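Asker: Here it is, the structure, as structure tokens.
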Protein chains: 2
Amino acid sequence: MNKRKAIGVFDSGLGGLTVVKEIIKALPNEDIVYLGDTARVPYGTRSKEIVTKFSIEDAKFLLNKNVKCIVIACNTSSAYAGKYLKQTIKIPVFDVIVPAMIDAKSASKRGKIGVIGTRGTIASGAYKVRYKEACPLFVPFIEEGEIESDALRIIVKKYLSSLKGKIDTLIMGCTHYPIIEDLIGKELGKKVILINPGISVSGELKNYLTTNNLLNTGYKKGSLRFFVTDLTERFVKVAEQFLGQKIRKLEEVKI
Amino acid sequence: MNKRKAIGVFDSGLGGLTVVKEIIKALPNEDIVYLGDTARVPYGTRSKEIVTKFSIEDAKFLLNKNVKCIVIACNTSSAYAGKYLKQTIKIPVFDVIVPAMIDAKSASKRGKIGVIGTRGTIASGAYKVRYKEACPLFVPFIEEGEIESDALRIIVKKYLSSLKGKIDTLIMGCTHYPIIEDLIGKELGKKVILINPGISVSGELKNYLTTNNLLNTGYKKGSLRFFVTDLTERFVKVAEQFLGQKIRKLEEVKI
């Protein structure tokens with residue numbers, strides 16, 4: 001019976017939609033319930049305590065939607081609350097960090113792995129790699145759609161200067177960053193392999209559901225339901241860019 | 001007896017400390033209780049409904065601290081929840097918009113007044129002026145301390161291009177903007193008068209307290225107490241830059 005249940009995904013806001021996009025690619029028949037905590041986004045600048053509190057509330061919302069598993073799409077949430085949620089929640093919980101680390105180690109030829117993320121993710125130390133850099137202005141630029149601007153190019157250059165020439169693999173440790181993957185790739189050079197944790201966790205999820213006979217074996221396309229804690233006019237526009245498709249079922253909720 | 005009570009000030013986060021700085025200059029003997037809702041900052045990108053909800057909770061916290069009046073330091077809060085709080089709260093409530101408008105009208109020679117602010121403040125229409133521009137990336141740049149960067153110069157130029165040459169007076173309609181007043185002033189030219197709503201509201205507050213015999217007539221320097229809903233390591237560093245002095249009494253609270 002569990003096969004038919006949806007996959008629950010939560011994020012601090014919109015960023016997790018880049019993860020949903022990858023889950024849909026890997027598992028097109030699965031129903032997905034998404035919660036974006038847009039009333040309290042961003043998580044990346046906040047403390048471990050408050051991010052954990054918010055993450056527990058997000059996970060409880062999804063549990064009440066009767067999902068078969070939960071994906072923590074947010075890197076900061078994964079970093080600060082991943083372990084706690086895995087230990088306390090009775091259905092499988094996936095974070096984006098563990099699978100991204102596995103993919104990075106497997107992709108890297110010389111073991112020179114770097115990670116970029118929010119201040120929270122980097123400060124947490126959850127990504128156990130040698131080269132790390134917080135890139136706090138990437139999220140606002142991406143959310144503002146300012147991804148072609150010279151200003152962003154200057155910021156990209158600045159943030160990545162400590163990593164350039166030192167790494168062979170970079171984990172894009174924030175859900176927003178795949179949106180500017182080209183810019184990051186150009187700055188670091190073609191030889192550096194970029195790891196998108198959204199792709200990594202989708203692979204892990206597919207393996208898990210297959211191995212445990214939990215795949216939705218219906219032949220129709222999975223349904224998508226989106227919940228947000230605050231709905232602004234700009235939401236749909238930015239969200240559709242992140243997701244790469246139209247958003248149809250969208251609801252504002254209190255959590 | 002009310003004279004001895006503190007002035008309550010709230011803001012979405014740190015930005016309101018530029019307002020506190022001006023209140024201290026105008027009213028050095030007053031005690032101030034400040035609440036920064038750092039767990040849910042920023043307000044400028046959120047909906048009217050959620051900003052109003054958060055603002056009511058902020059005001060209630062200050063009421064419980066037994067303040068003699070409340071200053072809404074946040075422009076977005078003033079825009080969305082100012083009227084509501086003034087109507088429902090029994091002590092005097094000051095927003096930053098009304099006094100800034102009065103000062104702008106009085107300063108402008110040709111009535112060509114512009115305002116810049118968050119998306120929320122601009123969309124609200126609370127500043128009734130002809131020239132308006134949302135500058136959503138200013139806040140992240142300022143909070144990151146990236147105020148000398150070429151990237152910010154590009155963004156300043158871009159955002160102000162619709163106002164340049166058209167206005168004689170500009171309201172800096174977000175508490176963060178006075179931090180980059182020089183940059184804004186240089187871009188618009190020396191003839192454009194910049195209005196800092198923090199200075200405007202401090203003047204109104206001083207008038208009100210004087211007229212109503214509510215000034216704290218003690219001769220000692222007023223005390224400052226700061227409350228935040230989330231305390232991160234970076235908080236004190238950025239906060240002291242905004243306030244222009246050391247922060248001594250700081251407490252994390254739930255609201």
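Asker: So which of A:160, A:62 is touching a helix residue (DSSP H, G or I) at 6+ places or on another chain (Cβ under 6 Å) and either closer than 19 Å to residue A:178 by Cβ or not assigned by TED's automatic domain parsing to the domain that holds residue A:172 (or both)?
Answerer: So the residue among A:160, A:62 that is touching a helix residue (DSSP H, G or I) at 6+ places or on another chain (Cβ under 6 Å) and either closer than 19 Å to residue A:178 by Cβ or not assigned by TED's automatic domain parsing to the domain that holds residue A:172 (or both) is A:160.
Asker: Further, regarding this structure: Pick out, from segment A:21-125, the helices (runs of 4 or more DSSP H) lying fully within it that include 1 or more residues that are over 30 Å from residue A:188 (Cα atoms).
Answerer: Correct list: A:48-64, A:75-88.
Asker: In addition: Do we find a residue being among the polar types (S, T, N, Q) and under 16 Å from residue A:203 (Cα atoms) anywhere in segment A:32-39?
Answerer: no
Asker: For segment A:174-181, does any single residue satisfy the condition of being touching a strand residue (DSSP E or B) at 6+ places or on another chain (Cβ under 7 Å), of a type in the set (A, V, I, L, M) and away from chain B (no Cβ under 14 Å)?
Answerer: Step one: list which residues in segment A:174-181 are touching a strand residue (DSSP E or B) at 6+ places or on another chain (Cβ under 7 Å), which gives A:174-175, A:177-178, A:181.
In the following step, the residues that additionally are of a type in the set (A, V, I, L, M) were identified as none.
So far as segment A:174-181 goes, no, none of its residues is touching a strand residue (DSSP E or B) at 6+ places or on another chain (Cβ under 7 Å), of a type in the set (A, V, I, L, M) and away from chain B (no Cβ under 14 Å).
Asker: Which residues, taken from segment A:66-80, are touching a residue at least 60 places away in the same chain (Cβ under 8 Å) and hydroxyl-bearing (Ser, Thr, Tyr)?
Answerer: Once the filter is applied, which keeps residues that are touching a residue at least 60 places away in the same chain (Cβ under 8 Å) and hydroxyl-bearing (Ser, Thr, Tyr), segment A:66-80 yields A:76, A:77.
Asker: A follow-up question, please. Among the residues of segment B:188-213, which ones are part of a helix (DSSP H, G or I), surrounded by fewer than 20 Cβ atoms within 10 Å (Cβ to Cβ) and of a type in the set (Gly, Ala, Ser)?
Answerer: B:203
Asker: Output yes when any residue across segment B:134-157 is at negative phi, surrounded by 19 or more Cβ atoms within 10 Å (Cβ to Cβ) and away from every other protein chain (no Cβ under 13 Å), and no when none is.
Answerer: Looking for residues that are at negative phi, surrounded by 19 or more Cβ atoms within 10 Å (Cβ to Cβ) and away from every other protein chain (no Cβ under 13 Å), one finds none in segment B:134-157, hence no.
Asker: Right, something else. With respect to residue B:55, determine if the residue is in contact with a Pro (Cβ under 7 Å, 6 or more places away or on another chain), within 14 Å of another protein chain (Cβ to nearest Cβ) and in contact (Cβ under 8 Å) with a residue 24 or more places away in the chain. Even if it seems obvious, please write down each step before you answer.
Answerer: Working: in contact with a Pro (Cβ under 7 Å, 6 or more places away or on another chain): no; within 14 Å of another protein chain (Cβ to nearest Cβ): yes; in contact (Cβ under 8 Å) with a residue 24 or more places away in the chain: yes.
So residue B:55 fails the test.
Asker: Okay, moving on. Kindly indicate whether residue B:162 is out of contact with any Leu (no Cβ under 9 Å at 6 or more places or on another chain), surrounded by fewer than 22 Cβ atoms within 10 Å (Cβ to Cβ) and either touching a residue at least 60 places away in the same chain (Cβ under 8 Å) or farther than 22 Å from residue A:157 by Cβ (or both). Outline the logic, then answer.
Answerer: Details: out of contact with any Leu (no Cβ under 9 Å at 6 or more places or on another chain): yes; surrounded by fewer than 22 Cβ atoms within 10 Å (Cβ to Cβ): yes; either touching a residue at least 60 places away in the same chain (Cβ under 8 Å) or farther than 22 Å from residue A:157 by Cβ (or both): yes.
Yes; evaluated as a whole, the condition is true for this residue.
Asker: Given the conditions (1) under 19 Å from the mean Cα position of the chain (by Cα); (2) outside the structural domain of residue B:41 (by TED's automatic domain parsing), which single one is not true for residue B:192?
Answerer: Every condition holds for residue B:192 apart from (1).
Asker: Kindly indicate whether residue B:217 is buried (at least 19 other Cβ atoms within 10 Å of the Cβ) and either in contact with a helix residue (DSSP H, G or I) (Cβ under 8 Å, 6 or more places away or on another chain) or assigned by TED's automatic domain parsing to the domain that holds residue B:247 (or both).
Answerer: So residue B:217 fails the test.
Asker: List the number of the failed condition for residue A:124; all other conditions in (1) within 29 Å of residue A:52 (Cα to Cα); (2) among the small types (Gly, Ala, Ser); (3) surrounded by 22 or more Cβ atoms within 10 Å (Cβ to Cβ); (4) not assigned by TED's automatic domain parsing to the domain that holds residue A:19 hold.
Answerer: (3)
Asker: Give the residue that is farthest from the other protein chains (Cβ to nearest Cβ), with candidates limited to residues of segment B:158-170 that are touching an Asp or Glu at 6+ places or on another chain (Cβ under 8 Å) and among the hydrophobic types (A, V, I, L, M, F, W, C). It would help to see each step written out before you state the result.
Answerer: Filtering segment B:158-170 down to residues touching an Asp or Glu at 6+ places or on another chain (Cβ under 8 Å) leaves B:159-160, B:162-164.
Next, only the ones that are among the hydrophobic types (A, V, I, L, M, F, W, C) stay: B:160, B:163.
On the way: B:160: 14, B:163: 18 Å.
Per the criteria, the residue is B:163.
Asker: Which residue is modelled with the lowest pLDDT, if the candidates are limited to segment A:232-255 and must be under 21 Å from residue A:64 (Cα atoms) and part of a loop (DSSP other than H, G, I, E, B)?
Answerer: Among those residues, the one meeting the criterion is A:255.
Asker: Against the condition within 17 Å of the chain's Cα centre (by Cα) and either buried (at least 24 other Cβ atoms within 10 Å of the Cβ) or free of Cβ contacts under 8 Å to residues at least 60 places away in the same chain (or both), how does residue B:83 come out, does it pass? Can you show your working first?
Answerer: Numbers: within 17 Å of the chain's Cα centre (by Cα): yes; either buried (at least 24 other Cβ atoms within 10 Å of the Cβ) or free of Cβ contacts under 8 Å to residues at least 60 places away in the same chain (or both): yes.
Answer is yes for this residue.
Asker: Also, I was wondering about something else. Give B:122, B:72, B:50 a once-over and let me know the one that is within 14 Å of chain A (Cβ to nearest Cβ) and in contact with a strand residue (DSSP E or B) (Cβ under 6 Å, 6 or more places away or on another chain). Before you say what the answer is, go through the steps one by one.
Answerer: Numbers: B:72 fails: within 14 Å of chain A (Cβ to nearest Cβ); B:50 fails: in contact with a strand residue (DSSP E or B) (Cβ under 6 Å, 6 or more places away or on another chain).
Unique residue meeting the criteria: B:122.
Asker: A follow-up question, please. Among the residues in segment A:231-243, are any touching a Ser or Thr at 6+ places or on another chain (Cβ under 7 Å), farther than 30 Å from residue A:153 by Cβ and either among the β-branched types (Val, Ile, Thr) or within 14 Å of chain B (Cβ to nearest Cβ) (or both)?
Answerer: The answer is yes, given that some residue of segment A:231-243 is touching a Ser or Thr at 6+ places or on another chain (Cβ under 7 Å), farther than 30 Å from residue A:153 by Cβ and either among the β-branched types (Val, Ile, Thr) or within 14 Å of chain B (Cβ to nearest Cβ) (or both).
The values are calculated or read from the model by the stated rules, or taken from the named source; none is laboratory data. Owing to the predicted nature of the structure, the values given are computational and were not obtained by experimental measurement. Here the Cβ is made from the backbone with ideal geometry for all residues, glycine too, and neighbour counts use every protein chain on show.
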